[in-house]
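Asks: Before I ask anything, let me first share the structure, which is written out below as structure tokens.
The values are calculated or read from the model by the stated rules, or taken from the named source; none is laboratory data. Nothing here was measured: the structure is a model prediction, and the numbers come from that model. Here Cβ is always computed from backbone atoms with ideal geometry, including for glycine, and neighbour counts include all displayed protein chains. Surface areas here come from the heavy atoms of the whole protein model, side chains and all, with no ligands, DNA or RNA. Shrake-Rupley method; radii C 1.70, N 1.55, O 1.52, S 1.80 Å.
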Amino acid sequence: MDEVYQVVLKVLAAFFVTGILSFLLTPPVKRLAHRIGAIDVPKDARRMHKKPIPRLGGLAIYISFVIVSLVLGQWNMQNFTILIGSAIIVVLGIFDDRNALSAKFKFGIQLIAAAIPVVFGNLRIELITNPNLFSGELYVKFGALAIPITIIWIVAITNAVNLIDGLDGLAVGVSAIACMTMLAVSLLIGEVPIAILLAVLAGACVGFMPFNLNPASIFMGDTGSTFLGFMLATLSIQGMFKVYAIISFAVPFLILGLPIFDTAFAFTRRILSGRSPFSPDRGHVHHRLIDMGFNQKQTVAILYIISTVLGLLAVVLTTSGEYRAIVMVLVVLITCVVGGGIYLSAERRKMKLHEQKLHELNQQENEQQKIAEQTQDADDTSDRGGFDNEDN
């Protein structure tokens, strides 16, 4: 029991100390953002804010995480390579928050940052539970493909968290929920060092949230969103993917389900419309909820709830038998498919109603224009008649 208490105290200390430090660091980071011109100016319909707001808030999250994790964390070669990769991501984010770098350049640097812990730290997704229930093989081993698959996973989650950063408090809140879920799973499977790092990361997010919730006084920018995505991806590999059970396949996808779904949906939508998958648009899940009539706070609350439910499902998977886990995953997938179908059909009906209203408005305008023309012709005839009578 003494060991359990020590672990709990260390986790709580990591969480609260980092939260306080992140909270204290945010105001000076805000002043720095103003000084270097890292300001988000609302210049298109995708942005929900109406006035310029400083970015770069993720720097407070990063600094607080590094300081506390170096003191309380257990560091080895793999963790140091992750720290080096995250530093590259943060530096890239700072320049992007200041100068808006191109998507291709950022993608290339992200690949390099992801490759560092994979190649030099031996951080790899080497196998997962076989999702094929009819196969005699318990696991799918990636072999030589482990390196590219791991790099793709890290870069994908890095960008997934970045892509949902479209409303006040959304990305940092979803990341905090993911951290807490992974923290619970790590403790359940005995990965205490990973749990402590996740507590530090969760505390850094929570400490920043008071400044980022609607109405936000500072954004975390790419500096924060890509850092959080990078850390969630790498820590999920260290913890979840190393457990030789059904959770090695399902849990990371459930915990990060919202950003994964939104990114997959965005990339599919853009590719089908003939655009670059990295081109910005206003079709993300949070934008669609806003268009359905929800305000920012309501939309963020809905997405928080979805992330929490997915997180609870992930925790349940770690404590249930494999057959229950499989059934639960199938239920979640079916629910997503049915929900997606209902959502798409509702969108189609909404579009048809919108087109019908536009058609009716056009008809009314045409009729009004005809009536106006007829009235004008009658007035012209009357004027001409009156003029002739005066001449007579």
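Asks: Grab the other residues whose beta carbon is less than 13 angstrom from that of residue 9, score K and R as +1, D and E as -1, and report the net.
Replies: With Lys, Arg at +1 and Asp, Glu at -1, the net is -1.
Asks: Using θ = phi - 60° and the Karplus form 6.51 cos²θ - 1.76 cosθ + 1.60, what ³J(HN,Hα) does each residue of the range 212-226 get, whole Hz, x for Gly and Pro?
Replies: Values, residue by residue: 10, 5, 5, x, 6, 9, 7, 9, 7, x, 5, 4, x, 5, 6 Hz.
Asks: Follow-up. So, R0 is 51 Å and r is the distance between the beta-carbons of residue 2 and residue 51; what FRET efficiency does that work out to, to 0.05?
Replies: 0.40
Asks: If amide hydrogens are placed 1.01 Å from N in the peptide plane, which non-local residues have theirs closer than 5 Å to the one on residue 39?
Replies: Placed amide hydrogens put 55 under 5 Å from residue 39.
Asks: A further question on this structure: From the phi angles alone, apply the Karplus equation (6.51, -1.76, 1.60; θ = phi - 60°) to the range 284-300 and give each ³J(HN,Hα) in whole Hz, x where the residue is Gly or Pro.
Replies: 5, 4, 5, 5, 5, 5, 4, 5, 7, x, 7, 8, 4, 5, 5, 4, 4
Asks: Okay, next question. Take residue 294 and residue 9, extend 7 Å from each Cα along the Cα→Cβ direction, and tell me the distance between the two endpoints in nm.
Replies: Taking the two extended label points, one gets 4.2 nm.
Asks: In what order, largest first, do 220, 292, 209 sit by accessible area if the probe radius is 1.4 Å?
Replies: In descending accessible area the options line up as 292, 209, 220.
Asks: Take the cross-link list 51/357; 10/104; 51/104; 30/106; 10/141 and give me the ones stretching past 31 Å between alpha-carbons.
Replies: The answer is 51/357; 10/104; 10/141.
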